[in-house]
Amino acid sequence: MFERFSGDARATVTGAVAEARQARAATVTEEHLLLSLLALGALDPFGVDRAAVAADLAAARRRGGMSRADEEALAGLGIDLTEIVSRIEEAHGEGVLAAPAPRRRTVGASLRSALGRAEPDDRGGGRHVPFTEGSKKVLEQSLRIALGRKDKHIGTLHLLLALLARPGTVSEVMTDHGITYATAEARG
């Protein structure tokens, strides 16, 4: 499938891995794909404020990744998500729900630690970071979208459309900033 990716689309995928590594995340998520698209300027034609989108994603992470739809559903049950987040942060520290999942300790890391050797420098990208099911679905959906549009290659537009097609925080944040599936498709 990756042979169909354009240079910009490949850069988006590798950029997402870099975003995950920088965040010390255990996996590459849909959010990392969006952050990579932002960093590469793929959303600039839509007039998106990069800092505002990144701030909205951070706010969603602070809520434990809950979307507004999740928040509204909980409110319908009489549960105030803002109050729950506040109480959790009082007990465990600010931003605790936004913290990345702890990295699993590998046998190699355990052996290096037991032998008193330092961890290898990961800035070069030596650590494998797997993709979540959601981010894999985005990549698969981008292929389907490209085929449906009769495009020969998968580009950043296809990745953007695939992100917008999936429900959740990422598509919600983009919609809040005026990028919907219809507007993205009209510009493509």
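The values are calculated or read from the model by the stated rules, or taken from the named source; none is laboratory data. For clarity, every value in this text was computed on a predicted model and none was experimentally measured. Glycine gets a Cβ as well: all are built from the backbone with ideal geometry, and neighbour counts include every protein chain shown. All accessible areas refer to the heavy atoms of the entire protein, side chains included, with ligands and DNA or RNA removed. Shrake-Rupley method; radii C 1.70, N 1.55, O 1.52, S 1.80 Å.
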Which members of the range 14-29 meet the condition of being assigned to a helix (DSSP H, G or I) and buried (at least 23 other Cβ atoms within 10 Å of the Cβ)? Ala16, Ala20
Pairing a residue in the range 116-137 that is open to solvent by less than 70 Å² (accessible area, probe 1.4 Å) with any residue that is modelled with pLDDT under 75, where Cβ atoms lie under 9 Å and the two sit 6 or more apart in sequence or on different chains, gives Arg127/Arg103; Arg127/Pro120
Of everything in the range 168-188, what is more than 13 Å from the chain's Cα centre (by Cα) and open to solvent by 10 Å² or more (accessible area, probe 1.4 Å)? Give them in sequence order. Thr175, Asp176, His177, Gly178, Thr180, Tyr181, Ala182, Thr183, Glu185, Ala186, Arg187, Gly188
Tally time: how many residues in the range 36-58 are out of contact with any Lys or Arg (no Cβ under 9 Å at 6 or more places or on another chain) and in a helix (DSSP H, G or I)? 11
Output the residues belonging to the range 59-108 that are modelled with pLDDT of 80 or more, of a type in the set (Val, Ile, Thr) and surrounded by 12 or more Cβ atoms within 10 Å (Cβ to Cβ). Ile84
